[in-house]
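K.L.:
Below you'll find the structure I mean.
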Amino acid sequence: MQKLAVAPLFLATLVLAGCGASNSSGNSSATPAAASAAPPASTPAPAATVVTGTVTLADPATTIAPDARLELALVDVTQQPGVTVNKQDFTPPRFPQDFRIPFAASAINAKDLYVLQATMQNNGRTYDTKLQQPVLTQGQPAKVSLTLVAQPTPAEKMLAAFNDAKRQTGGMAVKHGTSSKIGESHSWQVFSDVHGVEFIIEQTNTASSGFTKTEYAYRDGLPWVVIQEQMPAPNAPVTSTAKVGWGNDGVVVLNQQISGGKTTAVSAATAKSLHADAEAQYKRFNKQH
C-alpha cells in the first residue's frame, strides 16, 4: 500500500519537473539570440602618452655650431595664446635627431588641435619647419618626421628689401649732377617721390684712391641702407664692398665688409661715418626736392 501511494506522487513530481525543464529551455534559447543581436563592446585603445619622431635638415651640409639649440614643443594651438604641454631641447642637436616628448594623457583634450613645433638657432640663423605638424588628436599621428629649413637672417631680409626698393627707383623723379676739382670728380643721381628723397647714387673718382660708388637708401627720412664699392677705376672689378643698414631704432642690422673673397664686419667707426654721410647727403638734396 505504501508503494502504491508513493507511485502517484512520484509521477506527479516527474510531470512538474518536465514542465519546469520546458520553461527553462525556452528562456535559455532566447538569451543567446539577444546576445548575438548586440556585438560585444570593444576595448578602447590606450591613449597616447608620448610624441616621438626624427628631425632632419633640408640642407644636410649645414655646419652645426657647438652652441646650436634645437627646441621641440608640443603645443595646444586651439588655446589662445597656445599652451605648451611639454618640450624637449638639444644643445647641440645631432642630425638626424631623434626625440621623445612624454605627457600625461589627462593633459590632452580630444577636441583641441595640437602641433609639434621645431625651431633651431644656429650661427645667428633661425631654422624651422615650413608648416606646423599636427599630432595626436583629430586623427593625427603620435610619431612624425620633421625637416628644418633655414630662414633668412634680419640682414638678408634687409638686403633683399633694399634691392626691391632699388628696382622701384625707375618710377621716381630723378635729378643728375656733377662737380669736379683738381684730381677729383663727382657725379650723382637723386631719386625722389612725394615723400622726398628715397635713393641717392654718388660716384667719386680720385687720382689718389681710385673710384668709389656709394648707394644711399632712406626710410622715413632716415638713413636705412648704405652700400659702398671701391675699385681702382670706373668699370674695373670691385675690390671692396661695405654694406651697412640700420633699423628704425638706429641699431645696425646689416653689417658686411667683403674684400678678397672674405666677409667680415664693418668697423664701428666706418659704420658711423657712413651713417653721417647718408644724413649729410639727405639734408643736401632733400632741400631741393
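K.L.:
With label points built 7 Å along Cα→Cβ from the Cα atoms of R284 and T270, find their separation and express it in nm.
P.N.:
2.1 nm
K.L.:
Can you send over the carbon and sulfur percentage of the accessible area for segment 185-277, probe radius 1.4 Å, protein chains only?
P.N.:
Within segment 185-277, the accessible surface is 51 percent carbon and sulfur.
K.L.:
List the residues, sorted by chain then number, that are 5 or more residues from G53 or on another chain and whose placed amide H is less than 5 Å from its amide H.
P.N.:
Correct list: F99, V144.
K.L.:
Would you please put 214-224, 159-169 in order of how densely packed they are, using the mean number of other Cβ atoms within 10 angstrom per residue and starting with the highest?
P.N.:
The packing order, highest mean first, is 214-224, 159-169.
K.L.:
Tell me which lysines have Cα within less than 16 Å of K175's Cα, excluding those fewer than 8 residues away on the same chain?
P.N.:
K166, K283, K287
K.L.:
Continuing with this model, one more query. Could you tell me which of S209, V197, S145 has its Cα farthest along the dipole of segment 82-239 towards the positive end, charges placed at Cβ (Lys, Arg +1; Asp, Glu -1), taken about the Cα centre?
P.N.:
Projecting each Cα onto the dipole axis, the largest value belongs to S145.
K.L.:
Rolling a 1.4 angstrom probe over the protein heavy atoms, how many square angstrom per residue are accessible across segment 160-278?
P.N.:
With all protein chains present, segment 160-278 gives 55 Å² per residue.
K.L.:
So what's the gap between the Cα centers of segment 41-116 and segment 135-190, to the nearest angstrom?
P.N.:
Cα centres, segment 41-116 to segment 135-190: 34 Å.
K.L.:
Please tell me the relative contact order of segment 133-289 in percent, rounded to the nearest whole number, where contacts are Cα pairs under 8 Å and at least six residues apart.
P.N.:
So the answer I get is 14 percent.
K.L.:
Taking K87 as the anchor, which aspartates and glutamates have their alpha carbon closer than 19 Å to its alpha carbon, excluding any fewer than eight residues away along the same chain?
P.N.:
D67, E71, D76, D98, D112, D128
K.L.:
Still on this model: Mean separation of Cα pairs under 8 Å and 6+ residues apart, divided by the residue count of segment 44-156: what relative contact order is that in percent?
P.N.:
Working: 241 pairs, mean separation 37.5, N = 113.
Dividing the mean separation by the residue count of segment 44-156 yields 33 percent.
K.L.:
Residue-wise, which Karplus ³J(HN,Hα) couplings in Hz belong to segment 142-147, taking 6.51 cos²θ - 1.76 cosθ + 1.60, θ = phi - 60°, and x for glycine or proline?
P.N.:
9, 10, 9, 10, 10, 10
K.L.:
Run down the aspartates and glutamates and flag those whose C-alpha is under 19 Å from the C-alpha of K262, throwing out any fewer than 8 positions away in its chain.
P.N.:
Cα-Cα hits under 19 Å: E156, E229.
The values are calculated or read from the model by the stated rules, or taken from the named source; none is laboratory data. Here the structure is a predicted model, which means the values were calculated and not measured. Note that we place each Cβ from the backbone using ideal geometry, even for glycine, and neighbour counts take in every protein chain shown. Just so you know, the surface numbers come from the protein's heavy atoms only, side chains and all, with ligands and any DNA or RNA stripped out. Shrake-Rupley method; radii C 1.70, N 1.55, O 1.52, S 1.80 Å.
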